[in-house]
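Contents: one structure, followed by commentary.
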Amino acid sequence: MQYTVVVSDNRHRDYEIERSILEECGAELIVADCKSEAQLLEACRNADGVLLDLAPMTAAVAQVMASVPG
């Protein structure tokens with residue numbers, strides 16, 4: 001896959017709709033269950049995008065994501 005997108009909170013039964021849409025764009029979907037900035041930082045370290053729900057999106061997380069080449 002060309003891109004990586006992280007789901008920040010595993011709150012739904014499945015993410016098959018999101019996964020199928022993203023796969024058409026060449027993106028892999030990774031489902032995480034982040035409750036803290038540290039967990040989100042780790043999950044998004046190599047991500048090109050994030051589907052955010054309740055996880056704390058901070059400037060530090062955005063900075064890590066902005067540094068991903070692509």
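The values are calculated or read from the model by the stated rules, or taken from the named source; none is laboratory data. This one's a predicted model, so the numbers in the text were calculated from it and none came from an experiment. Cβ: placed from backbone, ideal geometry, glycine included. Neighbour counts: every protein chain shown. Keep in mind that these areas ignore ligands, DNA and RNA; they rest on the heavy atoms of the full protein, side chains included. Shrake-Rupley method; radii C 1.70, N 1.55, O 1.52, S 1.80 Å.
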Item to check | Among the candidates LEU54, LEU22, residue that is at pLDDT below 95 and either closer than 12 Å to TYR3 by Cβ or open to solvent by 50 Å² or more (accessible area, probe 1.4 Å) (or both) | outcome: LEU54
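Does ALA59 count as open to solvent by less than 80 Å² (accessible area, probe 1.4 Å), out of contact with any Gly (no Cβ under 7 Å at 6 or more places or on another chain) and among the hydrophobic types (A, V, I, L, M, F, W, C)?
No.
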Checklist entry - crowded, with 17+ Cβ neighbours inside 10 Å, in contact with a Pro (Cβ under 8 Å, 6 or more places away or on another chain) and either without any contact (Cβ under 8 Å) to a residue 12 or more places away in the chain or closer than 18 Å to TYR3 by Cα (or both), is that true of LEU40? => result yes
